[in-house]
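Visitor: I have a structure here, written as structure tokens, and I will follow up with some questions on it.
The values are calculated or read from the model by the stated rules, or taken from the named source; none is laboratory data. The structure displayed is predicted, hence computed values, not measured ones. Methodologically, a virtual Cβ is constructed for each residue, glycine included, from the backbone with ideal geometry; neighbour enumeration extends over all protein chains shown. Just the protein is used for accessible areas: all its heavy atoms, side chains included, with ligands, DNA and RNA removed. Shrake-Rupley method; radii C 1.70, N 1.55, O 1.52, S 1.80 Å.
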Amino acid sequence: MPTRSVKIGLSLLSHFFIGIAPVLSRYLQVKSGMNGLVLLTATLLVSAFVVATGVFLQKRREGLNGHKELEEIDVDDEEQNGNKNGESVVENKKKSEDGVNRLMRKRMLCIVGFGIVSIIRDSTYTISCRYTAAYNIQMIAQLGPFMMVLFARCLLGEQISNTLWGCLLVSTIGIQLVVLSQSNIFSQQSDNHLTLSDVLGISLQLIASIFSAIGRVVIQISWDVISSSGLIIVQNVSIGVFFLGFTLLYNAEDWLVWGNLSTWDWTMFLMYLILVWIIGDFLQNTSVRWIGSAEHATYQQLRIVSTLLASYFILDETLESWIGWLGLFILVSSISYFLVHKTKKSSNVVVPVTETATDIERK
């Protein structure tokens, strides 16, 4: 099991990769002329195929059938416990079957629920990138951590420290300064006003943020029935198949754009596919289970850093206002303080090597 520092590092890395998504998505839709749903469908189906192939090859190499082995172990354990308690093998087998059935029901509910949540979340997010600027997307997206922390407290029973709440509040202030400086709202000569297109894009992003928080709750409660790779496959196949039928039925001609893409457009698509939907998603699913959804949500504010970097190199947009740099400094400082505080607090607690932080949380 990785150390806590590695777990936090992977969580930060997942946010860094996911943070470039609005820039790549906007580039592919606006400059490459791709339909948002076509882009989403193609990306998810290809990434699902890649992840499924990797899982299949891993299982084949290991020569194990994880689910079958788990059932056999559960049955053996139940039989031994039954014999100790004087129970018959038949009664013990029935209990084992009931346990397996409960797990299967939970797995099915998580698969269906996560699939529906993923469809709503990713479709509203992808389409929102077409109607408003990337900084508006990120500004609304910063409500996500607060929603996630509230859901984690109310639905998962996670303990939320005052330091975490303070970090969220201060970092959100910093990120809003960054976003507002990008929109030139502080400039007296600015003619930037919210349009109907902006309102639509912001509204869609708000819906996406709500369902993103719900999705992370499902990720955490499904830890014992679906692997991180399995979640990616469920998410991508459910969304991909749904919108494949929709786009072929109503916008079949939009798929012809693939034949007109330049080499640079294909490069942007591959970055979007690999960095965001394969690596970013896998690291997020894994780190949420390792460090908890509330703490993982705290680091989400750092996504603006990779958004700004990607905007500079891909869209030739840069942070020019001193207010923006001040906001970025506040953001990074607040999260750095939280990390240092968390590290010092963890160093004073003796944790058995055989237990993970998530295991301790559940006790």
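Visitor: Being open to solvent by 40 Å² or more (accessible area, probe 1.4 Å) and closer than 20 Å to Leu13 by Cβ is the filter here; which residues of the stretch 252-293 pass it?
Guide: Within the stretch 252-293, Leu270, Met271, Ile274, Leu275, Ile279, Phe282, Trp290 qualify.
Visitor: Using the structure shown, decide if Ser96 is assigned to a helix (DSSP H, G or I), farther than 22 Å from Tyr337 by Cβ, touching a helix residue (DSSP H, G or I) at 6+ places or on another chain (Cβ under 9 Å) and modelled with pLDDT of 75 or more. Walk me through how you get there before you give the answer.
Guide: Values: assigned to a helix (DSSP H, G or I): yes; farther than 22 Å from Tyr337 by Cβ: yes; touching a helix residue (DSSP H, G or I) at 6+ places or on another chain (Cβ under 9 Å): yes; modelled with pLDDT of 75 or more: no.
Here the answer is no, as Ser96 does not meet what is asked.
Visitor: Out of all the residues in the stretch 3-31, which are in contact with a Phe, Trp or Tyr (Cβ under 8 Å, 6 or more places away or on another chain), among the polar types (S, T, N, Q) and closer than 15 Å to Tyr131 by Cα?
Guide: Correct list: Ser25 only.
Visitor: State whether one or more residues within the stretch 216-234 are closer than 13 Å to Ile116 by Cα, touching a residue at least 40 places away in the same chain (Cβ under 8 Å) and of a type in the set (Gly, Ala, Ser).
Guide: no
Visitor: So which of Leu309, Leu249 is part of a helix (DSSP H, G or I), surrounded by fewer than 18 Cβ atoms within 10 Å (Cβ to Cβ) and either among the hydroxyl-bearing types (Ser, Thr, Tyr) or in contact (Cβ under 8 Å) with a residue 60 or more places away in the chain (or both)?
Guide: On the way: Leu249 fails: either among the hydroxyl-bearing types (Ser, Thr, Tyr) or in contact (Cβ under 8 Å) with a residue 60 or more places away in the chain (or both).
On inspection, the qualifying residue turns out to be Leu309.
Visitor: Still on this structure, I have one more. Do any residues in the stretch 255-277 that are in contact (Cβ under 8 Å) with a residue 60 or more places away in the chain and aliphatic (A, V, I, L, M) have Cβ atoms under 7 Å from those of residues that are open to solvent by 50 Å² or more (accessible area, probe 1.4 Å) and assigned to a helix (DSSP H, G or I), where the two are at least six apart or on different chains, and which pairs are they?
Guide: Leu273/Val46
Visitor: Now for a separate question. Only one of Thr286, Thr267 is under 12 Å from the mean Cα position of the chain (by Cα) and more than 26 Å from Gly174 (Cβ to Cβ). Can you tell me which?
Guide: Of the residues listed, the single one that is under 12 Å from the mean Cα position of the chain (by Cα) and more than 26 Å from Gly174 (Cβ to Cβ) is Thr286.
Visitor: Sticking with this one: With respect to Thr298, is the statement that it is open to solvent by less than 20 Å² (accessible area, probe 1.4 Å), at pLDDT 80 or above, part of a helix (DSSP H, G or I) and β-branched (Val, Ile, Thr) true? Outline the logic, then answer.
Guide: Details: open to solvent by less than 20 Å² (accessible area, probe 1.4 Å): yes; at pLDDT 80 or above: no; part of a helix (DSSP H, G or I): yes; β-branched (Val, Ile, Thr): yes.
In short, no.
Visitor: Within the stretch 149-178, track down each residue that is part of a loop (DSSP other than H, G, I, E, B) and within 27 Å of Leu326 (Cβ to Cβ). Give the derivation first.
Guide: Just the residues of the stretch 149-178 that are part of a loop (DSSP other than H, G, I, E, B), to begin with: 156-161.
Ser161, the sole residue that qualifies.
Visitor: Next question. Residue by residue through the stretch 252-282, note down the ones that are of a type in the set (A, V, I, L, M) and in a helix (DSSP H, G or I).
Guide: Ala252, Leu256, Val257, Met268, Leu270, Met271, Leu273, Ile274, Leu275, Val276, Ile278, Ile279
Visitor: Something else now. Go through the stretch 145-169 and give me each residue that's small (Gly, Ala, Ser) and open to solvent by less than 10 Å² (accessible area, probe 1.4 Å).
Guide: Answer for the stretch 145-169, where residues must be small (Gly, Ala, Ser) and open to solvent by less than 10 Å² (accessible area, probe 1.4 Å): just Ala152.
Visitor: Still on this structure, I have one more. Residues that are more than 18 Å from Asn285 (Cβ to Cβ), part of a helix (DSSP H, G or I), touching a Lys or Arg at 6+ places or on another chain (Cβ under 6 Å) and modelled with pLDDT under 80: does the stretch 112-131 have at least one?
Guide: yes
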